[in-house]
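Notes to accompany the following structure.
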Amino acid sequence: MLTDWNVPFRTLIDAAPDGMVVCDQRGVLVLTNSEIDRMFGYAHDELLGKPIEVLIPERVRSRHHAHVASYVAQPRLRPMGSNLDLHGVRKDGSMFPVEISLSPCATERGMLIIAGVRDVTDRRELERDKVRANSYLTSAVEAVQEAFLLFDEHDRVRMVNSAAREMVGEAGDAAIIGKTFEELSRAILAGGIYDLAGESPEAWYQRRLAYHRDPVGTLEVRTRAGRHVRITERRTAEHGTVTTIADITDDVQRAAELGEARELAEAASAAKSEFLSSMSHELRTPLNAILGFAQLLERDRKQPLSQRQLERLGHVLRGGEHLLRLIDDVLDLSRIEAGRIAVSTEPVAVTEVVAEVVHTLQPMAARAQIGIVVAAGAEPAPAVMADRTRLAQILMNLGSNAIKYGKPEGRVELRTEVRGDLVRVTVVDDGIGIPADKRDRIFEPFQRAGQETGPIEGTGIGLTISKRLAMLMRGTLGFESEPGHGSAFWVELPRHRQAADAQPVAAVSARPSPLAAGARRHTVVYVEDNPSNIAFMRDLVEELASVELITAATAEIGLELIRARPPDVVIMDINLPGMSGFEAVRRLKEWPETRAIPVIGLSAAALAADTSRARDAGFHRYLTKPVKVDELTRALEDLLER
Ligand code: ADP
């Protein structure tokens, strides 16, 4: 034992942060520092006198002796087994990675070997973590579908994935990694990958650089191969840049296809609306003659019809009116679907509308042997905000359904109730009800909930229109139904804030009609190009003793007639050859001598928008064809009375 010299030496090596052992030429341990004892799990000095092989793994022990001998033969300072994975073995047999450096030490007692031993468990662990993190990152970047490039803070490429390599056309990383943004971009430009669309390469590069410097949004470019790519760049926290390049060709194509399809669909829908609108106009014109003359026949006082003829005429009138409703429904539906229906809401007295609807439906109910009533004991409901005509249309739909799908001898009741800020009108019937499995679809157009093959007439669009109209008026429409027992359909609309808004009902005039025989003679100019409409009007006026009718086939002729001899009233068709009725009215309003003459507009267009346009244009009344004899007579009376 080298106990005499190891005292200062030991103090020295104990201060070292690494483990240190000293052995003699036979490999016997002569000195260890306390770090070695701790590292290998031995007590102080326990190792002294033991062969150094106790500290090394079993499998290398046999060879170790020879290593020691060869070191003694050529002693110098060097790391041990520099390329080897060296391990130490603790007293308990467990192993740990070590790094060892060797140095010879010549003493009076011959050469000793000093070995510095470092436990590198933590370092190896860190190295392994680093490798693992790197491979995670690499495979994540590879897994990205887009081309991926990472530029470091010096704007040099640090990472790429194979999609990026493929794009640039370089097989190995070496050709890309380390290149600056400028070098790479210019190489790509020289490679002719992008379609510059006439731009010079320099201008293109400058544009690309501008985006690279201030990457806001994305940059879309085309490749020579006809692909569309989207370049996206973002800064990293380390002042580098991540660039991704996505092939969006499919998306671009799909968007273009969708756009085309949408345009086609819109064009088709516009064509459909246009077709329906002109079709309805075309259908209304002959209907005008049918219904008009039928009404005149019905009212002919000079040659009254027989009871039998009147009954038959009743069928003609009802059939014509039904046809008219269908035309209006189809037109309404197409307008609603095209989003081209406008409702104008105002305070409306619900009670009045309900009473009118019940009154109008009475004959239909009577034919079906059903009693239709307004619920008894109901107080007058407050006004709602609605489009009066549209509200009536909804209630007519619900009411006529209740009758159609009611039971003979049954009963239909209209109830009005206030529910908070809403007013609900419910149409209750005790009819056939709606099967549970059909309820979901009755608001879809042309769905007739099993009635398609039944005897009850219908098209399956009334409820669709009603529901959409209710929604347009900020209301809702719903129902409850029990098959075999009946249904209750309701419409709910916002209540008008000021209570008791019922529109004052016009006082019934007891004065004699200005159209009656014996009254002053009045002249009426009728501007109309359709001969059957003119014939109808002539017949109608013949009934009115005090009216002289002057007709004109065009607006131009009409205007001349009117200026030459101002009439009491003008009835003006809207769709005229040459100047339209709208234009003609505008001119009448301009001339002082004709400004005050009341004008009744007459048109086959039955749209709310047309009505308000007509009012704006200066028509005093606006009636839609087919003309209702009573309606026209009343309008004439009103205007002549002024
Ligand atoms: P339709 O022209 O067929 O009457 P609607 O749109 O008005 O079309 O109604 C759609 C379907 O809903 C009807 O075909 C009918 O099957 C059902 N329906 C509507 N109202 C009632 C009701 N009061 N009682 C029973 N079924 C009804």
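The values are calculated or read from the model by the stated rules, or taken from the named source; none is laboratory data. Since this is a predicted model, take the numbers as computed values, not measurements. Positions of Cβ are generated from backbone atoms using ideal geometry, with glycine treated the same way; all protein chains shown enter the neighbour counts. When the accessible area is computed, the model is the full protein with side chains, heavy atoms only, and any ligands, DNA or RNA have been set aside. Shrake-Rupley method; radii C 1.70, N 1.55, O 1.52, S 1.80 Å.
Which GluC sites (Glu not before Pro) in segment 225-308 sit in a loop by DSSP (not H, G, I, E or B) and have at most 16 other Cβ atoms within 10 Å of their own Cβ?
Working: sites: 233, 238, 257, 260, 263, 266, 274, 282, 298; in loops: 238.
For GluC sites (Glu not before Pro) across segment 225-308 that sit outside H, G, I, E and B with at most 16 neighbouring Cβ atoms in 10 Å, the list reads 238.
Quick one: order 476, 243 from most to least accessible surface, probe 1.4 Å. If you can, show how the numbers build up before the last one.
Numbers: 476 65, 243 0 Å².
Of 476, 243, the descending order of accessible area is 476, 243.
Between residue 338 and residue 254, take the C-beta separation as r, use R0 = 30 Å, and let me know the FRET efficiency to the nearest 0.05. Provide the component values of the computation, followed by the final result.
Values: r = 26 Å, r/R0 = 0.86.
For R0 = 30 Å, the calculated efficiency reads 0.70.
Which of the lysines could a cross-linker span from residue 50 if the Cα-Cα distance has to be under 23 Å and same-chain partners fewer than 8 positions apart are dropped?
Here the lysines satisfying the reach criterion relative to residue 50 are 91.
If I stretch the segment between residue 62 and residue 103 completely, what's the gain in nm (0.36 nm per residue apart, minus their alpha carbon distance), one decimal? Kindly include the intermediate steps, with their values, before the conclusion.
Numbers: separation 41, 0.36 × 41 = 14.76 nm, distance 2.19 nm.
Gain in length upon complete extension: 12.6 nm.
Quick check: pseudo-label points 7 Å beyond the Cα along Cα→Cβ at residue 591 and residue 242, how many nm apart are they?
Between residue 591 and residue 242, the label points sit 7.9 nm apart.
In whole percent, and with a 1.4 Å probe on the protein chains, what portion of the accessible area of segment 7-119 is carbon and sulfur?
Carbon-and-sulfur percentage of accessible area, whole number: 57.
Past 24 Å, Cα to Cα: identify those pairs from 438/467; 404/438; 272/625; 272/467; 404/467; 302/628, in the order given.
Values: 438/467 17 Å; 404/438 18 Å; 272/625 22 Å; 272/467 22 Å; 404/467 19 Å; 302/628 20 Å.
Those over the limit do not exist; all pairs fall within it.
Counting only the heavy atoms of the protein chains, how much of residue 59 is accessible to a 1.4 Å probe, in Å² to the nearest 10?
140
With a 1.4 Å probe and every protein chain left in place, tell me how much accessible area residue 534 has, in Å² to the nearest 10.
Approximately 30 Å² of residue 534 is accessible to the 1.4 Å probe.
Could you tell me how far the Cα centroid of segment 101-166 sits from the Cα centroid of segment 404-451, in Å?
Answer, in whole Å: 79.
Please express the Cα-Cα pair-distance distribution P(r) of segment 143-247 as a list of whole percents, one per 5 Å bin, running from 0 to the bin with the greatest distance.
With 5 Å bins starting at 0, P(r) equals 3, 12, 23, 29, 22, 8, 2, 0.
Considering only protein heavy atoms and a probe of 1.4 Å, how much of the accessible area of segment 326-436 is carbon and sulfur, as a whole percent? Please list the in-between numbers first.
Working: 2680 of 4910 Å².
Its accessible area is 55 percent carbon and sulfur atoms.
Label-point separation (nm) for residue 308 and residue 46, each offset 7 Å from Cα along Cα-to-Cβ?
Once both label points are built, they end up 13.6 nm from each other.
Quote the Stokes-Einstein diffusion coefficient, in whole µm² s⁻¹, for segment 212-363, based on the Kirkwood radius over alpha carbon pairs, a temperature of 37 °C and a viscosity of 0.692 mPa s. The partial results should precede the final answer.
Details: Rh = 22.6 Å.
Using the Kirkwood radius from Cα pairs, D works out to 145 µm²/s.
Can you sort 359, 228, 64 by 1.4 Å-probe accessible area, starting with the largest? It would help to have the intermediate numbers written out before the result.
Working: 359 135, 228 45, 64 20 Å².
Final ranking, largest accessible area leading: 359, 228, 64.
Taking each pair of different alpha-carbon atoms in segment 7-119 once, compute 1/r for the pair, average those values, and report the inverse of that mean as the Kirkwood hydrodynamic radius in Å to one decimal. Don't jump to the answer; show the numbers that get you there.
Numbers: mean 1/r = 0.0709 Å⁻¹.
After inverting the pairwise mean of 1/r, the radius is 14.1 Å.
For segment 274-394, what are Rg and Dmax over the alpha carbons, in angstrom?
Spelled out, the Cα radius of gyration and Dmax of segment 274-394 are 18.1, 49 Å.
Determine the per residue accessible area of segment 267-425 with all protein chains present and a 1.4 angstrom probe, expressed in square angstrom.
Working: 8320 Å² over 159 residues.
Value returned for segment 267-425: 52 Å² of accessible area per residue.
What number in nm² do you get for the chain if you take the convex hull of its Cα atoms and divide its surface by four?
Working: hull surface 230.4 nm².
Across all orientations, the chain yields a mean hull projection of 57.6 nm².
So what's the back-of-envelope 222 nm ellipticity for the chain, counting only DSSP H runs of four-plus at -39500 (n - 2.57) apiece and dividing by all residues, rounded to 500?
So the calculated ellipticity at 222 nm is -14000 deg cm²/dmol.
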